[in-house]
Amino acid sequence: MGTGEVRFIGTVVEVNEDISVIEIDQRFCPGLDQLDSYSELDVLFWFHFRDDDKHRKVLKVVPRRHGETEPRGVFSTHSPSRPNPIGLTRVELVSLDGCRVTVKGLDAFEGSPIVDLKAVSKRRPGSS
């Protein structure tokens with residue numbers, strides 16, 4: 001298998017209960033143009049607390065959220081321990097102010113690097 005390179009585009013700079021603020025690096029801010037015409041985003045982020053050899057070697061886990069007791073393949077779960085510690089959460093876009101993206105429902109910690117943002121096809125009412 002080959003390798004690639006991931007360029008983080010920003011960082012989660014604030015988490016307050018269900019609301020998170022993502023600061024996008026200045027050089028990537030032009031990519032935010034018209035993002036606020038969407039109500040939902042998919043946020044891809046890096047599980048930086050699990051980015052070590054131990055957690056990247058995990059291929060079976062016992063999912064905690066569903067009360068399961070049997071190990072499952074990591075690709076059938078949302079576990080942060082995986083060969084490539086990339087997280088994905090669909091969030092509600094609260095606001096866009098310059099390079100700051102405020103969202104609701106992000107499952108990432110303060111300091112988590114942002115890999116990518118992807119608008120979900122549902123446009124806000126009245127947006128062009």
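Derivation of every value follows stated rules applied to the coordinates shown; laboratory data play no part. Because the structure is a prediction, the values reported are computed rather than measured. Cβ sites come from the backbone with ideal geometry, for glycine too, and all protein chains shown count toward neighbours.
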Within the stretch 60-128, GluC sites (Glu not before Pro) in DSSP loop having at most 15 other beta-carbon neighbours inside 10 Å: 68, 110
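Contour minus end-to-end for residue 62 and residue 42, with contour as 0.36 nm per residue of separation and end-to-end as the Cα-Cα distance?
Contour length minus Cα-Cα distance gives 4.7 nm.
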Proxy reagent accessibility, fewest Cβ within 10 Å first, across 116, 97: 97, 116
Computed Rg/Rh of the stretch 10-119, alpha carbon atoms with Kirkwood Rh: 1.02
Lysines with Cα under 25 Å of residue 118, excluding same-chain neighbours fewer than 8 positions away: 104
Amide H within-cut-off set for residue 94, under 5 Å, with H built and near neighbours excluded: 102, 103, 104
Value of relative contact order over the chain, rounded to a whole percent, pairs C-alpha under 8 Å and six or more apart: 40 percent
Segment residue 5-residue 86, length gained on full extension (0.36 nm per residue, minus Cα span): 27.8 nm
Dipole in debye (nearest 20) - the stretch 10-119, about Cα centre, beta carbon charges: Lys, Arg +1; Asp, Glu -1: 680 debye
Cα-Cα P(r), the stretch 1-73, percent of pairs per 10 Å interval: 12, 32, 32, 21, 3
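Compute the FRET efficiency between residue 35 and residue 69 as 1/(1 + (r/R0)^6), taking r as their Cβ-Cβ distance and R0 = 35 Å, and round to the nearest 0.05.
The calculated FRET efficiency here is 0.25.
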10 Å Cβ shell holding at most 16 others, DSSP loop, trypsin sites (Lys or Arg not before Pro): longest site-free stretch of the chain: 66-121
